[in-house]
Amino acid sequence: MLLLNTMSTSKLKYEKEEFVRRGEAIYESQVREQVEKGNRGKIVAIDIETGAFEVAEDSLSAAEKLQARFPEAQAWFVRIGHRAVHKVGFAGSTEVQLF
């Protein structure tokens, strides 16, 4: 999971914990069932205030699509079917997941 405010002039309106809590709750209760089938590995950007979301191949594309509809979106991200948005590691090594 990743939290990011895509507007360069906006500030996050919530503390990190509340931001994550809202994003996870919206994903689990409203978004997951709609996007999971056929989209494994893609990124979902969710506006934690409106519940609006966009699906794309990468975080930047998802953020741009969401921002086009909701310029003040407080965007939270998740990779469909995974616990984290990004992974770091080498082939054959243990991967480290980043939020």
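Only the coordinates and a few stated rules stand behind these numbers; no lab work does. Only a predicted model underlies this, so the values are computations on that prediction, with no experimental measurement involved. Note that we place each Cβ from the backbone using ideal geometry, even for glycine, and neighbour counts take in every protein chain shown.
With θ taken as phi - 60° and the Karplus curve 6.51 cos²θ - 1.76 cosθ + 1.60 applied, the whole-hertz 3J(HN,Hα) list for the stretch 23-31 is x, 5, 5, 5, 4, 5, 8, 10, 9 Hz, x standing for glycine and proline. Cβ-Cβ distance of SER61 and GLN30, R₀ of 25 Å, FRET efficiency by 1/(1 + (r/R0)^6): the value works out to about 0.75. For the pair LYS13 and LYS37, label points projected 7 Å from Cα toward Cβ lie 3.3 nm apart. Distant-in-sequence amide contacts of ALA52, defined by a placed amide H-H separation under 5 Å and a gap of 5 or more residues or a different chain, comprise ASP47.
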